[in-house]
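Following: one structure in structure tokens, then a few remarks.
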4 protein chains.
Amino acid sequence: MAGNTFGKLFRVTTAGVSHGPGYLCIIDGCPAGLELSVDDLLPDLQRRRPGQSRLTTQRDESDIPEIWSGVFEGRTDGTPIGILFRNTDQRSTDYTDIQEKYRPGHADYTFDAKYGFRDYRGGGRSSARETICRVAAGAVAKKLLARFGIRVLGYVKQIGPVIADIPDPTALTLEDIEATPVRCPNPEAAQQMITLIDAVRKDRDSIGGICELVATGVPPGLGEPVFDKLKADLGKALLSLPAVLGFEYGAGFGVATARGSTNNDVFVPAGSCQGASGVAIQTETNRHGGMLGGISSGMPIVCRVAIKPTSSIPRPQRTVTKHGEPTEILVKGRHDPCLLPRFVPMGEAMMALVLVDHLLRSQISRL
Amino acid sequence: MAGNTFGKLFRVTTAGVSHGPGYLCIIDGCPAGLELSVDDLLPDLQRRRPGQSRLTTQRDESDIPEIWSGVFEGRTDGTPIGILFRNTDQRSTDYTDIQEKYRPGHADYTFDAKYGFRDYRGGGRSSARETICRVAAGAVAKKLLARFGIRVLGYVKQIGPVIADIPDPTALTLEDIEATPVRCPNPEAAQQMITLIDAVRKDRDSIGGICELVATGVPPGLGEPVFDKLKADLGKALLSLPAVLGFEYGAGFGVATARGSTNNDVFVPAGSCQGASGVAIQTETNRHGGMLGGISSGMPIVCRVAIKPTSSIPRPQRTVTKHGEPTEILVKGRHDPCLLPRFVPMGEAMMALVLVDHLLRSQISRL
Amino acid sequence: MAGNTFGKLFRVTTAGVSHGPGYLCIIDGCPAGLELSVDDLLPDLQRRRPGQSRLTTQRDESDIPEIWSGVFEGRTDGTPIGILFRNTDQRSTDYTDIQEKYRPGHADYTFDAKYGFRDYRGGGRSSARETICRVAAGAVAKKLLARFGIRVLGYVKQIGPVIADIPDPTALTLEDIEATPVRCPNPEAAQQMITLIDAVRKDRDSIGGICELVATGVPPGLGEPVFDKLKADLGKALLSLPAVLGFEYGAGFGVATARGSTNNDVFVPAGSCQGASGVAIQTETNRHGGMLGGISSGMPIVCRVAIKPTSSIPRPQRTVTKHGEPTEILVKGRHDPCLLPRFVPMGEAMMALVLVDHLLRSQISRL
Amino acid sequence: MAGNTFGKLFRVTTAGVSHGPGYLCIIDGCPAGLELSVDDLLPDLQRRRPGQSRLTTQRDESDIPEIWSGVFEGRTDGTPIGILFRNTDQRSTDYTDIQEKYRPGHADYTFDAKYGFRDYRGGGRSSARETICRVAAGAVAKKLLARFGIRVLGYVKQIGPVIADIPDPTALTLEDIEATPVRCPNPEAAQQMITLIDAVRKDRDSIGGICELVATGVPPGLGEPVFDKLKADLGKALLSLPAVLGFEYGAGFGVATARGSTNNDVFVPAGSCQGASGVAIQTETNRHGGMLGGISSGMPIVCRVAIKPTSSIPRPQRTVTKHGEPTEILVKGRHDPCLLPRFVPMGEAMMALVLVDHLLRSQISRL
């Protein structure tokens, strides 16, 4: 009950810290019969990896997964998928200072307040390296979703004041997104973002941004009506990622100033029929972000998350020691000046995990 | 697994529809020994009730709970708390039209797509009357939190373009909030909001807004490090409410344009000591909204949710029939032109449920 | 987390005590589209009811369920099924003595030890009247199972020294079982049991026995390999009923003296094919009780539970007061001299709930 | 939802198969602050290990755990405990025959029926080697229980017709049990059991038996009143182990022939006070096996499980191929002629896991 499992039917449980031997990830509930190998996991793990470009930290983590179980003769066999990651580039000496001082913006203090002590090496369990398990599990989820024609894609929508115009997110390809190291599919905005991140890094600072995520091919009917609304589970999934301070879908916070007469999406006939209702129907606009009453409508699911500027910045910052005395800390180590580019695969993974869970739940929601 | 239970240790399960005999609510996991009676539930139920003012719908729902179990001689006794609400003012005839046509912005179509058919009377299970159970359960949660010195308050922060300045949310009292029917504790903004809502209603339209929620007295250490981060569970809880399209905490979406050097909250010594770390510490600012690494920091927890304009507006709207043919619908019934005032107790209830759950979890997180 | 919910996909949550206003039962996860009405619940509720014959207690409980939600136009609609039972014949005055003294064999003392106090009226939450909710939920489960060709039947196998020979349990009909008030389908044994129970009652005593339960039509493949083995979930379900002290399936405790060479059930070709393996296969004998590796084999599932003699007997018994002082108690009220006849529908209900849960789980175990 | 997690607050999730790289075990919910090292796990793992004596199989499994996370500077730190076991002595060639033929008494056929195919190497996920994770997790649970004065011990009560008389199980020490390789603390019976097992092995056969488990120091008040009764969770835990066909506690199946007047355990004053009731009380006898109403009474918890004779015997057995054709199989490999001696630590582990879970639950059951 300490919160290291995600999902109800497609369940991911993880353990591990950044400066121990490595990470364990167990996926329970993946149906048997899905073709799967390490090669399916590598692309997203590579996208999450540090050191991909000058925009991201140069740590050389070993991000090669070992699948220990759950796959037999190339297919999932219904038993739990056990995945391992070994830690290699630990450089513990980089982190000795944080044993005594609380880094601003980090979980050092709250861990001590919760448990009485903490693994102070590299953030311990609160290290973002933990997302390696999520990305691996998300890759399995994506592969399963693909069997049902569902695709999840994320990209950088905003960094600092630079906002990318993306007229039709559903037309994007993975290549569009991967075209630049900043993972913004609008080339002009991408260039501005890169320039901005470079400037921020030179200024020994960091910068925040917004990631947009889009799921296409989602049939109407995913999501449960009351507490486990699809929007609620997506919100939880994405807010469980480090550095996320906000989640919105469809018109999002823009609804605060909207009127019902313009905010409602009008239903119109559609070309093809989806869902148990047996009618061909869609909405003219998508201010509802593909979810009505917390249940997917068949329209693309579109959401956005706000990511704070990296808390670890190469500048001295005021703080206190673990004894409560004022001091200063200079957080060492190699840190991304902007988390957004590497966030994209993490966000996709969490969205995929939610969709798979609800896809399985939808299989048993009616006779 | 159909999502009608909320919480892990303090679990709320509900059933019922707006136009059946009534609602059932079972709270499982409330510790024994809490003084509790129907009188503890009434104030928040009254705040949630329709017909409180001209700003809210004039339906006369009977919102008197019956506690059938779980309380003995004035105290919770450890067994599940069973609560009933009877439906009285059903006026089914108001809703006959929606059997054939899909209301824009509602869950009519998505229910049909999910289950093949639906209880079309008054929204059935997707009716916001379902929140009556949440508010009752939230009142129990609030009473339990109060035993630990924790208080949850919500208020209207924004309606349409009117944004209320609330310099110190932690200084607010329930009376400040209840002073106006719009539940905005800034009197000047409240008056503007009331004027706006009146104008919108006369215009046969509706308007959205933002509700801010604040929890004070929360000790550091609530929340689990990875998937069940406090921020994630708060996000899920609030996004599970009808009409919510966005959630943010602390600096929220503002972090997109922030730099680490100004976004990080600096740790400083504090007057008194909280949590297992045994040190007296706080932050100078609260851009982190009281949560670091998903764990409470001891600072006030501050979050905001975006609520869309009421989908049911007294105007004809284009839509389709359940057979997919274009038509027009005029949604009858009495509907709030702005959901915000009645949303406040719902938001508080969900926040309280999350905090109680994590409070119980924190009791067993260390020896 | 206080244990008032049973099942993972087909979830039953209950509240209520024997001497409060009544009981609440919420079934979450029943697929939409199942024809259901109160009439489906009545037969098993009638079988569970006190006062059916001179063998059972003459209390006149009102066991008429009210379905408040989850059924629309005669079919389950995917939303939670809310069921209510009102208590009518409470006679609280029968129970005043037990406020001060601990009844031997009952949960009075353990409730006080757990919660510090208890609802002393009629056993409160530990009253066997709580099984009314289980039997109602079990009737829904049975109806769903019947859609898949699965049938659950129980009967009295043994009372005291009288053991009924039932050569082929799979050939039994409900009528065979209901032919006598003791619910033993072997007429000769049934008569001996009735005579025995009459003698025991005249002797102001009570007597134990064994109930056997058989599920037929269960396809191979239900049950999960490791912790949620079908045998484990059946064991938990039946042991969660009051007065059950033992559970065994197939050869049961008889395996202690068996050898592998005779205990193994040999596989042989079968007439028809079941399960994903696509082969027609069965076992020659059924010492494995229809489960291998905790997964159903396609053979009938056969298990037995041991039920203690009623703890409430109309004799003075030594005990202590709640202050720990030695005293004597004469438990008043009307109590069955033998629990077995009324246990049968309870046991069937729990078996049905487990099978439905695993049936749903099996729907998502492979692509 | 595929059943690879056990427990609600102290949760154990496992993955792995006998002939893959190894096993993963994640314990989530262990409170921070418990002293723990690999040395705490080794004794029970050694007791579970094959090849301890001529009574057990001579496979040389490597049973050395690696703790990858959750322990920092010698104490659990509140984060999930990740444990790894590597497989070394796989000898895959021993198992090629079982790819085509279904072994009687094993899960080969039911896996195929469930998933459509299976990992046929050494039983795959159904291999009893999976219990290595349970025993490791159980060792952690035992250490936590010891902090609260609770001890769990198991021993062999019966093998074939040899029944050991154990007058006072609560007086036993671990040394008494480990004195003989058969783990029966009655020396005379132990010798007879050893002689019997030797004879059975020479006869190329196997034999079943009964394991008794005793928990002492359990405070009154553990267990939840309705579905999660302590007896129910113990039953599930033990029935989830391979080869278990029956579970009983206290008087067990003996209650079938008992009368209430002699079966009820009389309450009497006790020397010291336990539990929230604040009174010093115990029962004169313990036919209730330490649980009343599914809640611990403070008396020793005593239960028994029936274990079938090993299904793998070194004799040809009739069976069918996976295509349903009659054939014969000679199961190769090294197998225990009697599972009982190695079962003891497995049974203890599962009992410990249940008690720890309920111990944590009891921490939050009253204010």
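Considering the range C:265-282 alone, what residues qualify as being more than 8 Å from chain D (Cβ to nearest Cβ) and not in a loop (DSSP other than H, G, I, E, B)? If the condition is that a residue be more than 8 Å from chain D (Cβ to nearest Cβ) and not in a loop (DSSP other than H, G, I, E, B), then C:Q282 is the only one that fits. Taking the conditions (1) more than 7 Å from every other protein chain (Cβ to nearest Cβ); (2) buried (at least 24 other Cβ atoms within 10 Å of the Cβ); (3) within 30 Å of C:V182 (Cα to Cα) in turn, C:F10 satisfies each one other than (3). Could you tell me whether any residue of the range D:348-360 is facing chain C (nearest Cβ under 8 Å) and either in a strand (DSSP E or B) or crowded, with 24+ Cβ neighbours inside 10 Å (or both)? No; the residues of the range D:348-360 include none that is facing chain C (nearest Cβ under 8 Å) and either in a strand (DSSP E or B) or crowded, with 24+ Cβ neighbours inside 10 Å (or both). C:M193 satisfies every condition listed in (1) more than 30 Å from C:P31 (Cβ to Cβ); (2) of a type in the set (A, V, I, L, M); (3) not in a helix (DSSP H, G or I) except (3).
Within the range B:195-215, residues that are of a type in the set (D, E) reach partners that are part of a helix (DSSP H, G or I) with beta carbons closer than 8 Å, at six or more positions or on different chains, in the pairs B:D205/A:G260; B:D205/A:S261; B:E212/B:P169.
For (1) modelled with pLDDT of 95 or more; (2) over 24 Å from C:G124 (Cβ atoms), each residue gets a yes or a no:
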site	(1), (2)
C:T13	yes, no
C:P21	yes, no
C:L36	yes, yes
C:R59	no, no
C:G70	yes, yes
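Looking at the range D:327-341, can you tell me whether even one residue there is in a loop (DSSP other than H, G, I, E, B) and touching a Leu at 6+ places or on another chain (Cβ under 6 Å)? Taking every residue of the range D:327-341 in turn, none turns out to be in a loop (DSSP other than H, G, I, E, B) and touching a Leu at 6+ places or on another chain (Cβ under 6 Å). Within the range B:171-191, restricting attention to residues that are without any contact (Cβ under 8 Å) to a residue 40 or more places away in the chain and crowded, with 19+ Cβ neighbours inside 10 Å, which residue is nearest to B:L339 (Cα to Cα)? Going through the qualifying residues, I end up with B:C184. Here is the figure for the range A:1-49: residues that are in a strand (DSSP E or B) and of a type in the set (A, V, I, L, M, F, W, C) total 8. Number of residues in the range B:154-172 that are outside any loop (DSSP other than H, G, I, E, B), of a type outside the set (A, V, I, L, M, F, W, C) and more than 14 Å from chain A (Cβ to nearest Cβ) equals 4.
When the criteria are applied in full, B:A276 fails the requirement of being over 30 Å from B:A113 (Cβ atoms) and in contact with a Pro (Cβ under 7 Å, 6 or more places away or on another chain). Per the listing C:R318, C:R334, the residue uniquely within 12 Å of C:R103 (Cβ to Cβ), surrounded by fewer than 23 Cβ atoms within 10 Å (Cβ to Cβ) and away from chain A (no Cβ under 14 Å) is C:R318. The criterion of being farther than 18 Å from A:G105 by Cβ and hydrophobic (A, V, I, L, M, F, W, C) does not hold for B:I295. A:S18 meets the conditions (1) touching a helix residue (DSSP H, G or I) at 6+ places or on another chain (Cβ under 6 Å); (2) among the small types (G, A, S); (3) within 12 Å of chain B (Cβ to nearest Cβ) in every case but one. The failed one is (3).
Candidates B:A139, B:A128: the one that is within 25 Å of B:E66 (Cα to Cα), modelled with pLDDT under 95 and under 19 Å from the mean Cα position of the chain (by Cα) is B:A128. Counting residues in the range B:283-306 that are part of a helix (DSSP H, G or I), closer than 21 Å to A:L339 by Cβ and either within 7 Å of chain A (Cβ to nearest Cβ) or touching a helix residue (DSSP H, G or I) at 6+ places or on another chain (Cβ under 7 Å) (or both) gives zero. Within the range C:97-149, restricting attention to residues that are surrounded by fewer than 21 Cβ atoms within 10 Å (Cβ to Cβ), over 24 Å from C:F343 (Cβ atoms) and out of contact with any helix residue (DSSP H, G or I) (no Cβ under 7 Å at 6 or more places or on another chain), which residue is nearest to the other protein chains (Cβ to nearest Cβ)? Applying the filter and picking the extreme gives C:G116. For A:V152, state whether it is in contact with a helix residue (DSSP H, G or I) (Cβ under 9 Å, 6 or more places away or on another chain), crowded, with 18+ Cβ neighbours inside 10 Å, closer than 22 Å to B:K229 by Cβ and not charged (D, E, K, R). So A:V152 fits the description; yes.
Just one of the listed residues (C:R318, C:R304, C:R334, C:R287) is among the basic types (K, R) and at pLDDT below 95, and it is C:R334. For A:D176, the test of being away from chain D (no Cβ under 14 Å) and in a helix (DSSP H, G or I) is passed. Scanning the range B:141-164 for any residue that is basic (K, R) and touching a Ser or Thr at 6+ places or on another chain (Cβ under 7 Å) turns up at least one such residue.
Restricting the search to the range D:220-258, which residues are more than 7 Å from every other protein chain (Cβ to nearest Cβ), more than 11 Å from the chain's Cα centre (by Cα) and either crowded, with 24+ Cβ neighbours inside 10 Å or more than 17 Å from C:C211 (Cβ to Cβ) (or both)? Of everything in the range D:220-258, those that are more than 7 Å from every other protein chain (Cβ to nearest Cβ), more than 11 Å from the chain's Cα centre (by Cα) and either crowded, with 24+ Cβ neighbours inside 10 Å or more than 17 Å from C:C211 (Cβ to Cβ) (or both) turn out to be D:L222, D:G223, D:L230. Might you check whether a residue that is within 14 Å of chain B (Cβ to nearest Cβ), within 30 Å of A:R147 (Cβ to Cβ), buried (at least 24 other Cβ atoms within 10 Å of the Cβ) and over 18 Å from the mean Cα position of the chain (by Cα) occurs anywhere in the range A:29-51? Yes; the residues of the range A:29-51 include at least one that is within 14 Å of chain B (Cβ to nearest Cβ), within 30 Å of A:R147 (Cβ to Cβ), buried (at least 24 other Cβ atoms within 10 Å of the Cβ) and over 18 Å from the mean Cα position of the chain (by Cα).
The values are calculated or read from the model by the stated rules, or taken from the named source; none is laboratory data. Here the structure is a predicted model, which means the values were calculated and not measured. As a convention, Cβ positions derive from the backbone with ideal geometry for all residues, glycine included, and neighbour counts pool all protein chains shown.
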